[in-house]
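The values are calculated or read from the model by the stated rules, or taken from the named source; none is laboratory data. If you're wondering where the values come from, they're calculated on a predicted model, not measured in any experiment. Here the Cβ positions follow ideal geometry from the backbone for every residue, glycine too, while neighbour counts run over all protein chains shown. These area figures cover heavy atoms from the full protein model, side chains too; ligands, DNA and RNA do not enter into them. Shrake-Rupley method; radii C 1.70, N 1.55, O 1.52, S 1.80 Å.
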Amino acid sequence: ERPLDGVRTAVRRLGLEYPVVQDNDYGIWRAFGNRYWPAAWLIDRGGRIVYRHEGEGGEAELAAAIEAALAGTP
């Protein structure tokens with residue numbers, strides 16, 4: 001979604017309470033070397049990438065990576 005108002009509306013409608021990034025100029029996309037959409041990146045509190053998945057699927061692996069990150073295990 002490119003228009004900021006559309007993003008704000010969706011965030012409110014979905015009740016999201018976490019930060020949502022809008023990357024209209026693809027600066028973040030390029031900085032991470034992203035090549036595919038969708039892509040999931042899990043970054044820990046120390047700023048380290050602890051999980052990366054590009055393309056469809058991977059939900060179970062992402063959930064496991066989130067659980068591991070919350071538990072403080074690699």
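For the chain, the longest principal axis of the Cα atoms and the long axis of helix 4-14 meet at an angle of about 60 degrees.
Here residue 56 and residue 5 are evaluated by their C-beta separation; at R0 = 35 Å the FRET efficiency comes out at 0.75. Shown here: semi-axes √(5λ) of the Cα gyration tensor in Å, derived from the displayed model; of the candidates [x] 20, 15, 11; [y] 23, 16, 13; [z] 17, 16, 9, it corresponds to [y].
Seen from residue 55, the other residues with C-beta closer than 15 Å to its C-beta sum to a net charge of -2, counting Lys and Arg as +1 and Asp and Glu as -1.
Per residue, the accessible area of segment 18-74 comes to 79 Å², computed with a 1.4 Å probe over protein heavy atoms only.
Split the accessible area of the chain by element, probe 1.4 Å, and carbon with sulfur accounts for 56%.
Quick check on segment 33-74: take the gyration tensor over C-alpha atoms, sort the square-rooted eigenvalues as a ≥ b ≥ c, and tell me if it's rounded (a/c under 1.5), prolate or oblate. Oblate. Per-residue ellipticity at 222 nm from helix content only, as computed over the chain with -39500 (n - 2.57) for each DSSP H run of at least four residues, stands at -11500 deg cm²/dmol.
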